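Every number in this text was worked out from the coordinates using simple rules, so none of it is lab data. Predicted model only: the values in this text are computed from it and were never measured. All Cβ positions, even for glycine, are placed from backbone atoms using ideal geometry, and neighbour counts span all protein chains on display.
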Amino acid sequence: MPTTLPLRPTDSEARALARALIGAARHAALGVIHPDTGAPFVSRIAFGCIDGVPLTLISDLALHARAMGRNPAVSVLIGEPGPKGDPLTHPRLTLQATARHIARASAEHAQKRGLWLEKHPKATLYIDFADFTFVELVPTSAMLNGGFGKAFALTPADLIDPA
């Protein structure tokens, strides 16, 4: 068995693709550690990127909210298969991140609320419910699969648009 992954050197094209995937995503798959069993647990979440940082709006009633409260280390899968072809040939990005909860009463929450609603207008129905809060998903590392034979390891700096 190989001791290293078959990764390509990270280049500007890989960085641009990763940023595009993050910027276009409106939902993602979130992986956490189940707080009761210690087993992996995955759920679909609302997703967006505000001020260059991935973000989600979650209900405190959700199991994944409780899991992030206990263990803030998470994994997020971004990218959807296109309408044709093998789904495994379409680009996707796996972020490893640290969850950082944003207090509802903070100015930061109010600022993110306005920006979130620009990208997720249907969230108007529930964004002000008392159990909904924002959680930043601060990247610690990432793996980009840009399609068959196009794998890249990325750093948090690779995900930030320098412009």
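Worth a mention:
- Magnitude of the charge dipole, segment 12-155, Cβ model with Lys/Arg +1 and Asp/Glu -1, debye to 20: 180
- Two-site label geometry, PHE41 and ASP86: point separation in nm, points 7 Å out along Cα→Cβ: 3.4
- Inter-label distance for GLN111 and LEU125, nm, one decimal - labels placed 7 Å from Cα along Cα-to-Cβ: 3.0
- With θ taken as phi - 60° and the Karplus curve 6.51 cos²θ - 1.76 cosθ + 1.60 applied, the whole-hertz 3J(HN,Hα) list for segment 11-17 is 10, 5, 5, 5, 4, 5, 5 Hz, x standing for glycine and proline.
- The chain: C-alpha gyration tensor shape, a/c 1.5 cut-off, then a/b vs b/c: prolate
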